[in-house]
Amino acid sequence: MSHNSFGHLFRFTTWGESHGPAIGAIVDGCPPGLDLSETDLQPFLDKRRPGTSRFTTQRQEPDQVKILSGVFEGKTTGTPISLLIENIDQRSKDYSEVANAYRPGHADYAYDAKYGLRDYRGGGRSSARETACRVAAGGVARKVIPEVTIIAHVIEIGGDRAESFDAAQVDANPFFCGDAKAAARWEILVDEARKSGSSLGAVIECVATGVPAGWGAPLYAKLDADLASACMSINAVKGVEIGDGFAAARLRGENNADRMRPGTDGPEFLANHAGGIAGGISTGQPVVVRVAFKPTSSILTPVETITRDGRATDIMTKGRHDPCVGIRGAPVVEAMVALVLADHKLRHRGQNG
């Protein structure tokens, strides 16, 4: 089994490699009759697209998405939706050294250990280039959940945390940050890491509002478990929190409780430590997910490694790489959250009508 698919009723499969001719996704289970065009999907891909600032990889990819099937006269037909994104700006020669030695922190050795061979050009299937497919599929998912608004923003880079949030600032700076002062500090941090041949990690917070109470299921189909699985599947992600996450372990029970009072349309919650999910089922509060991205593994600083035949060597990765891969992770996290919520909406409707 190759495990390239995710979801149950709303399911998507991605395909392609970083330096192949194209990448893409197949979305299956999308309800018929929804308005869908390439112009609906392109804005999300433009947010993830490389080369948009000096703080991201300078690989120049237009990331123009093409819909090959599943849409007729502007409406989804209920059949599989095929999405294609061509690779335009590959430089495979930059990876000649990677062919013979492993990049520590990357998937090079693990792929060799599992498959006995690997596509070393840009990491092949393990490259974050694959996430463009998820963003395109996530654009389709948003059509299934028009009642939900999803915003992801970077709250920390290199250990420096944002202190405020203004939604209007998220698209006003290259870091998807809601804190203008933090974004100004991060320009210096990321520039320093890039110029020194190193990289930085980041933390992204994603908030989905408008999720009604009742999506999800107990035990083995928990909404928070599926969100964690979806976000952990993103390249370079090493941790996921729901609500207060690990901070909840440092609270007393009375402080962690999301207290309730009667409201006009159901309960009025006085806190949201649980991140909008209790017992694996949405409560109607905002769903809050935080995702930790490790520093980019492809760096110009030489690090110790071994060759494929077991000899000691040092390696530095040439080519064009993100000094902080988490920056472009914001639209990817949004997409994965949308894909999970669309799937759970359809699963809820299938069981409850």
- Message: Given segment 97-167, report the % of alpha carbon pairs whose separation exceeds 19 Å.
- Response: 60
- Semi-axes, largest first, in whole Å: what does sqrt of 5 times each Cα gyration tensor eigenvalue give for segment 204-343? 39, 16, 13
- Message: Regarding the chain, what's the average projected area of the Cα-atom convex hull, expressed in nm²?
- Response: 19.3
- Task: Using only Cα atoms, locate the centre of segment 219-290 and the centre of segment 139-216, then give the distance between them in Å, rounded to an integer.
- Result: 19
- Roll a 1.4 Å probe over the protein chains and send me the accessible area per residue for the chain in Å². 47
- Message: Show me the three semi-axes of the equivalent ellipsoid for segment 65-207, from the C-alpha gyration tensor (sqrt of 5 times each eigenvalue), largest first, rounded to whole Å.
- Response: 30, 29, 13
- Message: Of the candidates Arg328, Arg290, Arg54, which one comes out as most mobile in a Gaussian network treatment of the chain with C-alpha springs shorter than 10 Å?
- Response: Arg54
- Relative to the first principal axis of the alpha-carbon coordinates of the chain, what is the inclination of helix 223-232, with its axis defined by its Cα atoms, in degrees from 0 to 90 and to the nearest 10? 10
- Task: Please list the equivalent ellipsoid semi-axes of segment 234-297, computed as the square roots of five times the alpha-carbon gyration tensor eigenvalues, in descending order and whole angstrom.
- Result: 28, 14, 8
- Message: What is the angle, in °, between the Cα long axis of helix 329-352 and the longest principal axis of the Cα atoms in the chain? Nearest 10 is fine, range 0 to 90.
- Response: 40
- Message: Can you tell me the orientation of helix 180-195 relative to the chain, as the angle in degrees between its alpha-carbon axis and the longest Cα principal axis, to the nearest 10?
- Response: 20
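The values are calculated or read from the model by the stated rules, or taken from the named source; none is laboratory data. Values in this document were obtained by computation on a predicted structure and should not be read as measured data. When the accessible area is computed, the model is the full protein with side chains, heavy atoms only, and any ligands, DNA or RNA have been set aside. Shrake-Rupley method; radii C 1.70, N 1.55, O 1.52, S 1.80 Å.
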